[in-house]
Amino acid sequence: MEKMREATDLDDVEDNEEDESWKEWGSKAATPEFDPPPNFSNMGFDQLQEEMAKRTFAPVVGFVKLRLGVQRTKDMVVEIAMRWTKVLRTGGLGVRFMAVDRSTVMFNMQNGKEVTELREFVLSQEEAYEVKIGKQEFRRPGDPPLDDVFDKLKAKQNKDDEDGISGNKNDATKDEL
């Protein structure tokens with residue numbers, strides 16, 4: 001088989017094609033444009049906080065209060081935290097949940113822009129009652145504040161103590177509160 005020879009004399013070849021990538025080569029990359037800032041003067045406080053959360057790039061740390069009055073072990077809370085972490089990582093959110101006690105889960109998230117999606121996910125879980133991010137508390141519509149639920153449970157516990165009802169259930173509630 002005979003070897004192909006490359007033509008070394010390219011003087012008669014005319015290349016007048018320039019593609020877009022050749023024209024762009026060496027030029028500075030265009031910086032992506034951000035959305036123009038919204039008009040904050042027409043927004044309520046909740047809308048303002050929502051807009052600010054969308055534009056947060058910093059890591060976010062928060063807590064999830066689980067439904068009170070439900071008996072669970074620390075292992076159960078660890079399992080809830082692991083399950084939520086796996087589900088959200090599968091969905092592409094870089095968040096990690098950690099069990100704090102029998103009624104609290106802590107989370108940290110690297111990209112604060114995704115905090116709205118995180119909050120919606122957590123509140124869609126039946127075990128969760130309230131999400132606290134910074135000084136903001138989020139609950140499902142119609143749910144009373146956690147302090148009201150706490151007061152009701154404490155009043156019920158005091159009534160049970162007065163009636164002489166005692167046992168593991170009340171001990172678990174005391175530990176939970």
With respect to residue 93, determine if the residue is assigned by TED's automatic domain parsing to the domain that holds residue 78, part of a loop (DSSP other than H, G, I, E, B), within 20 Å of residue 59 (Cα to Cα) and among the hydrophobic types (A, V, I, L, M, F, W, C).
-> yes
Of all residues in the range 55-86, count the ones that are assigned to a helix (DSSP H, G or I) and surrounded by 14 or more Cβ atoms within 10 Å (Cβ to Cβ).
-> 8
Tally the residues that are closer than 19 Å to residue 59 by Cα, in a loop (DSSP other than H, G, I, E, B) and of a type outside the set (Lys, Arg), restricting the search to the range 118-142.
-> 1
Selection count, the range 102-117, where residues are free of Cβ contacts under 8 Å to residues at least 40 places away in the same chain and either part of a strand (DSSP E or B) or hydrophobic (A, V, I, L, M, F, W, C) (or both) | 0
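The values are calculated or read from the model by the stated rules, or taken from the named source; none is laboratory data. Note that this is a predicted model, so its numbers are computed, not measured. Here Cβ is always computed from backbone atoms with ideal geometry, including for glycine, and neighbour counts include all displayed protein chains.
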